[in-house]
1. In the range 25-93, which GluC sites (Glu not before Pro) fall in coil by DSSP and have 14 or fewer other Cβ atoms within 10 Å?
2. Probe radius 1.4 Å, ligands and nucleic acids ignored: give me the carbon and sulfur share of the accessible area of the range 26-90 as a rounded percent.
3. Add +1 for every Lys or Arg and -1 for every Asp or Glu among the other residues with Cβ under 12 Å from the Cβ of TYR41, and state the total.
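The values are calculated or read from the model by the stated rules, or taken from the named source; none is laboratory data. Here the structure is a predicted model, which means the values were calculated and not measured. Note that each Cβ is placed from the backbone with ideal geometry, even for glycine, and that neighbours are counted across all protein chains shown. In case anyone asks, the SASA skips ligands and DNA or RNA and just uses the protein heavy atoms, side chains included. Shrake-Rupley method; radii C 1.70, N 1.55, O 1.52, S 1.80 Å.
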Amino acid sequence: MRSFLLAAVVILWSLPLTTFSQTDASAAAARAYKEKNYAEYLKNVRELSKQHPQNVWVTEVLARAYALNQMDQEALVTLRSLAQMGVAGDMTH
């Protein structure tokens, strides 16, 4: 299961946060990520998730934020919610 999480994080890591429309929360999250302040990054991504609960991209970024904060179970739950949304991805790259 750990290798699945690592593969998922690697894939999600490649998604640039700046591709999402810049709200205060997304701009703050982008800054926190760039500064490697992952606790602040998670805080802002959670806010984005509240604003856009069904947005696949935001949900993927939330899983990444959990993983960066060593919150493996939360990351897996979030990734499972993507699967329930019908999202499929190639986790081998």
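1. Working: sites: GLU35, GLU40, GLU47, GLU60, GLU74; in loops: GLU35.
Answer by residue number: GLU35.
2. Numbers: 1750 of 3530 Å².
That share works out to 50 percent.
3. Working: positive: ARG31, LYS34, LYS36, LYS43, ARG46, ARG64; negative: GLU35, GLU40, GLU47.
Surrounding charge for TYR41 is +3.
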